[in-house]
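The values are calculated or read from the model by the stated rules, or taken from the named source; none is laboratory data. All figures in this text were calculated on a predicted structure; none of them were measured in a lab. Virtual Cβ from ideal backbone geometry, glycine too; neighbours counted across all protein chains shown. Calculation scope for accessible area: heavy atoms of the full protein, side chains included, ligands and nucleic acids excluded. Shrake-Rupley method; radii C 1.70, N 1.55, O 1.52, S 1.80 Å.
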Amino acid sequence: PPFNTQSSENPSQTLTSIITDLKEELTRTLTSLTDREISLLLAIHDLNSENLDTSYSHIAQRLKLSENTIRVIVMSLLNKKAPIIKERFFNRKVSLILKQEFQDLKLLHKLLALRNSTKDQKTLFDI
């Protein structure tokens, strides 16, 4: 909803509420990912950071999976609103990248720490 200047809420409370909601949504999204989806995110991250090709075929080779399996995992990630961007070029080649905001926040490492944590349940932002 657009920012309402007539609102009786304190703007800092509104911003805090928005940030809290975003954190909760992101934590829910990222903790719902399967191991295979996380391995795909890691592969995309690694290939992007090495400036290598992130096509379905290249990722499939890297993860030793079929291209069709990669397509299914990508669709699942997109349905879960995972932080990836799917680009299709004129030659019908698809390239995948992690959203810049996700990379800037370095959340992938926090996600892995959360995933590997054996302690009581934590949120992504407790790490």
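Thr14 fails exactly one of the following numbered conditions: (1) within 21 Å of the chain's Cα centre (by Cα); (2) assigned to a helix (DSSP H, G or I); (3) surrounded by 13 or more Cβ atoms within 10 Å (Cβ to Cβ). What is the number of that condition?
Going through the list (1) within 21 Å of the chain's Cα centre (by Cα); (2) assigned to a helix (DSSP H, G or I); (3) surrounded by 13 or more Cβ atoms within 10 Å (Cβ to Cβ), Thr14 breaks only (1).
Please determine whether any residue of the range 45-53 is touching a residue at least 60 places away in the same chain (Cβ under 8 Å) and either open to solvent by 80 Å² or more (accessible area, probe 1.4 Å) or not in a strand (DSSP E or B) (or both). Spell out the reasoning first.
We begin by selecting, within the range 45-53, every residue touching a residue at least 60 places away in the same chain (Cβ under 8 Å); these are 45.
When the remaining residues are screened for being either open to solvent by 80 Å² or more (accessible area, probe 1.4 Å) or not in a strand (DSSP E or B) (or both), the result is 45.
Checking the range 45-53: at least one residue is touching a residue at least 60 places away in the same chain (Cβ under 8 Å) and either open to solvent by 80 Å² or more (accessible area, probe 1.4 Å) or not in a strand (DSSP E or B) (or both).
Can you work out which of the residues in the range 93-127 that are of a type in the set (Ser, Thr, Tyr) and surrounded by 12 or more Cβ atoms within 10 Å (Cβ to Cβ) is modelled with the highest pLDDT?
Just the residues of the range 93-127 that are of a type in the set (Ser, Thr, Tyr), to begin with: 95, 117-118, 123.
Filter once more, keeping what is surrounded by 12 or more Cβ atoms within 10 Å (Cβ to Cβ): 95, 117, 123.
Values: Ser95: 91, Ser117: 65, Thr123: 59.
Of everything passing the filter in the range 93-127, Ser95 is modelled with the highest pLDDT.
Given (1) modelled with pLDDT of 90 or more; (2) surrounded by 11 or more Cβ atoms within 10 Å (Cβ to Cβ); (3) of a type in the set (D, E, K, R), identify the lone condition not met by Lys23.
(1)
State yes or no: is Leu41 part of a helix (DSSP H, G or I) and either in contact with a Lys or Arg (Cβ under 9 Å, 6 or more places away or on another chain) or under 12 Å from Leu108 (Cα atoms) (or both)?
Details: part of a helix (DSSP H, G or I): yes; either in contact with a Lys or Arg (Cβ under 9 Å, 6 or more places away or on another chain) or under 12 Å from Leu108 (Cα atoms) (or both): yes.
Here the answer is yes, as Leu41 does meet what is asked.
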